[in-house]
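Here is the structure we will look at, set down as structure tokens.
Please treat every number below as a calculation from the coordinates, not as lab data. Because the structure is a prediction, the values reported are computed rather than measured. When we count neighbours, we look across all protein chains shown, and the Cβ atoms used for this are built from the backbone with ideal geometry, even at glycine.
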Amino acid sequence: MTSLIAVICSGGQPGVDRGALDAARDVGVTIEGWCPVGGWAEDLPEAPGLQTDYPELRETPSPEPAQRTEWNVRDSDVTLIIDPVTDTKSSEVSPGTALTRELASSFSRPVRTVGKGDIEDTVEWLRNQGTQLTVNVAGPRESEWPGAYEASYRILGDLLRLNAGSQPSASA
């Protein structure tokens, strides 16, 4: 069986981004993405920043996080937004999450908001997008949504286990 997800792409901010990168790394899925110059992250503002723990991330020329967000959307097949607000008509929790959604639209990239109860539906949605996908994962930083890392790690872990043909954890 061909896997749906070949690569997880994210920008490495503490919260959803790192939860996704760590979940992918833990199950052996390739990780990549863009980060601001110097490896800047909210909790790692000094170079080499993120690149100490995530050398797979490449630096954008700009220190502005918006360029990282744009390039991660641009270089992915689809975007998954992990957010405590799973109703896409609701207001966004994070300005970065709202920007991600706008950029996905401008690049004509499919985007889906995922919560912990949406695993099987999301796998089906991914099947409709193709195989060997590069999946950008975005969502709030830990400072905007306490618990974002754990939620992202669990949700992505369950998606990736289903991607590999196993069952999700009981916590999903």
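Excluding Gly19 itself, what net charge comes from residues whose Cβ is under 13 Å from its Cβ, given Lys and Arg +1 and Asp and Glu -1? Spell out each step's value before the answer.
Values: positive: Arg18, Arg25, Lys116, Arg141, Arg154; negative: Asp17, Asp22, Asp26, Asp83, Glu142, Glu150, Asp158.
Charge balance near Gly19 sits at -2.
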Worksheet item: Relative to the longest principal axis of the chain, what angle (0 to 90°, nearest 10) does the C-alpha long axis of helix 65-74 take?
Response: 40 degrees
Worksheet item: Using alpha carbons only, how many degrees (0 to 90, rounded to 10) separate the axis of helix 148-163 from the longest principal axis of the chain?
Response: 40 degrees
Fill in: Degrees, to the nearest 10: 95-106 long Cα axis against longest axis of the chain
70 degrees
Item to complete: For the chain, report the convex hull volume of the alpha-carbon atoms normalised per residue, in Å³, without decimals.
Response: 99 Å³
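Among Thr2, Thr60, Thr100, rank each residue by its count of other Cβ atoms within 10 Å, from fewest to most, as a rough exposure measure.
Values: Thr2 7, Thr60 21, Thr100 27.
The most exposed by this proxy come first: Thr2, Thr60, Thr100.
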Worksheet item: With springs only between Cα atoms under 10 Å, which of Gly11, Gly115, Gly33 fluctuates most in a Gaussian network model of the chain?
Response: Gly115
Worksheet item: Taking the Cα centre of the chain as origin and charging only Cβ (+1 Lys, Arg; -1 Asp, Glu), how large is the dipole, in debye to the nearest 20?
Response: 400 debye
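Add +1 for every Lys or Arg and -1 for every Asp or Glu among the other residues with Cβ under 11 Å from the Cβ of Glu142, and state the total. Before the final figure, lay out each step's value.
On the way: positive: Arg18, Arg141; negative: Asp17, Glu42, Asp43, Glu144, Glu150.
Taking every Cβ under 11 Å from that of Glu142, the sum is -3.
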